[in-house]
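Beneath this line is the structure, given in structure tokens, with notes to follow.
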Amino acid sequence: MTTAIGEDDSGRIKISLWDKDIDRVKVGCTVRIRNGYARLFRDEVHVSSGMYGKLEVAE
């Protein structure tokens, strides 16, 4: 597991990446998480695709 920082016009958020998603996400790429979840960890919000969600990387 590793953590990436996602950013858009509304601000920044931490993204938890697991297994094959770690190698798929590169600096500057656009990602979309479908059916994921958000959780509070050490007073910061993290989003993840989890077991039932899907992380998509825009080409």
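Bear in mind these aren't lab numbers, they're just calculated from the coordinates by the rules spelled out. On a predicted model such as this, the values are computed, not experimentally measured, just so you know. Ideal geometry is used to build each Cβ from the backbone, glycine not excepted, and the neighbour counts take in all protein chains shown.
Measuring how big the chain is from its alpha-carbon positions, Rg and Dmax come out at 10.8, 33 Å.
Ignoring aspartates and glutamates fewer than eight residues from Lys14 along the same chain, the ones with Cα atoms less than 15 angstrom from its Cα are Asp43, Glu44. 3J(HN,Hα) couplings calculated from phi for segment 27-38 with the Karplus curve 6.51 cos²θ - 1.76 cosθ + 1.60 (θ = phi - 60°) are, in sequence order, 4, x, 7, 9, 10, 10, 10, 10, 6, x, 8, 10 Hz; Gly and Pro show x. Here the contact order of segment 2-57, divided by its residue count and restricted to Cα pairs under 8 Å and six or more residues apart, works out to 32 percent. Excluding same-chain neighbours fewer than eight residues apart, the aspartates and glutamates reachable from Lys20 by a Cα-Cα span under 13 Å are Glu56.
Given R0 = 25 Å, the distance between the Cβ atoms of Met51 and Thr30 translates into a calculated FRET efficiency of 0.60.
This ranking places Glu44, Glu59, Glu7 by how few other beta-carbon atoms lie within 10 Å of each, fewest first, which gives Glu59, Glu7, Glu44.
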